[in-house]
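All of the numbers you see were taken from the coordinates with simple rules; none came from a lab. Quick caveat: nothing in here was measured; it's all calculated off a predicted structure. Here the Cβ positions follow ideal geometry from the backbone for every residue, glycine too, while neighbour counts run over all protein chains shown.
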Amino acid sequence: MVGSAPDTSAIETDTRLFPLVVISFLRISDEAFERAFRDSERLMAAGRPWVVLRDFRFLASQPTAKQRRRAAEWTAANAEPLGRLCLGAVSVVPQPLVRSALAVVHWVTPPPMPEHVCRDVREGVDWCIGRLELSGLEVTDAMRALRDHDASLPF
């Protein structure tokens, strides 16, 4: 949840500012991955467009090969509703080498929705707001306030 420390063994999906969804990644377990997939499936089932900010600033461990494979399979299986309903996803990744690697992955295997990789929360929130505005969806002051989130704290 925005403003509270997420579970340090989880991937936390926060929908309080819907249609801007914040997903905080801390420690990626198989269970946390599956929970995050179920959260995304609930978003798709609602049938309303959204944009997602993925926060990797506090990620304690990288996904395993098995988890990366599962994510690719899940994304491929859900490509149609993701492409139709997810207005875009931005990944906030402070490490330059990881940002570059993620950009290459997106170039080699294009995701079903627009993707962006950036270094800080401000840039990520601006990108999300731009996607919402482009789609004609309301942008609230609370969404804009995320731009000034304390970078030393998780959402």
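Mind running the shape call on the stretch 100-155? Use the C-alpha gyration tensor, a ≥ b ≥ c as the square roots of the eigenvalues: rounded below 1.5 for a/c, prolate if a/b tops b/c, oblate otherwise.
Oblate is the answer for the stretch 100-155, as a/c is 1.5 or above yet b/c matches or exceeds a/b.
Based on Cα positions only, what radius of gyration and what Dmax would you give for the stretch 60-149, in angstroms?
Rg, Dmax (Cα atoms, Å): 14.3, 40.
Can you tell me what the convex hull of the Cα atoms of the stretch 18-58 projects to on average, as an area in nm²? Can you show the working numbers first?
Values: hull surface 11.4 nm².
Spelled out: convex hull of the Cα atoms, projected over all directions, averaged, 2.8 nm².
Express in nm, to one decimal, how much length is gained between Glu138 and Asp120 on full extension, taking 0.36 nm for each residue of separation and deducting their alpha carbon distance.
Gain on extension, Glu138 to Asp120, equals 4.2 nm.
Could you sort 86-96, 23-33, 134-144 so that the peptide with the highest average Cβ count within 10 Å comes first and the rest follow in order?
Going from most to least packed, we get 86-96, 23-33, 134-144.
Please state the shape class of the stretch 28-107: rounded when a/c is under 1.5, otherwise prolate if a/b exceeds b/c and oblate if not, all from the C-alpha gyration tensor.
It comes out prolate by the Cα gyration axes.
Note down the magnitude of the dipole of the chain about its Cα centre, charges +1 on Lys and Arg C-beta and -1 on Asp and Glu C-beta and zero elsewhere, to the nearest 20 debye.
Numbers: 19 positive and 20 negative charges, 71 e Å.
Dipole about the Cα centre, nearest 20: 340 debye.
Return the FRET efficiency for the residue pair Asp148, Ser61: r is the Cβ-Cβ distance, R0 is 25 Å, and the value is rounded to the nearest 0.05.
0.30
Calculate how many DSSP beta bridges within the chain are antiparallel, expressed in % of all such bridges and rounded to the nearest 5.
Counting only bridges with both partners in the chain, antiparallel ones make up about 20 percent.
Please work out the ratio of the alpha-carbon Rg of the chain to 2.2 N^0.38 Å and round it to two decimals.
Rounded to two decimals, the normalised Rg is 0.96.
Say R0 is 22 Å: what FRET efficiency, to the nearest 0.05, do Glu73 and Ser100 get from their beta-carbon distance?
0.35
Would you mind ranking Trp50, Trp127 so that the residue whose beta carbon has the fewest other beta carbons within 10 Å leads the list? Please list the in-between numbers first.
Values: Trp50 24, Trp127 21.
Result, fewest neighbours first: Trp127, Trp50.
Calculate for the chain the 222 nm mean residue ellipticity that helices alone would give, adding -39,500 (n - 2.57) per DSSP H run of length 4 or more and normalising by residue count, nearest 500 deg cm²/dmol.
-13500 deg cm²/dmol
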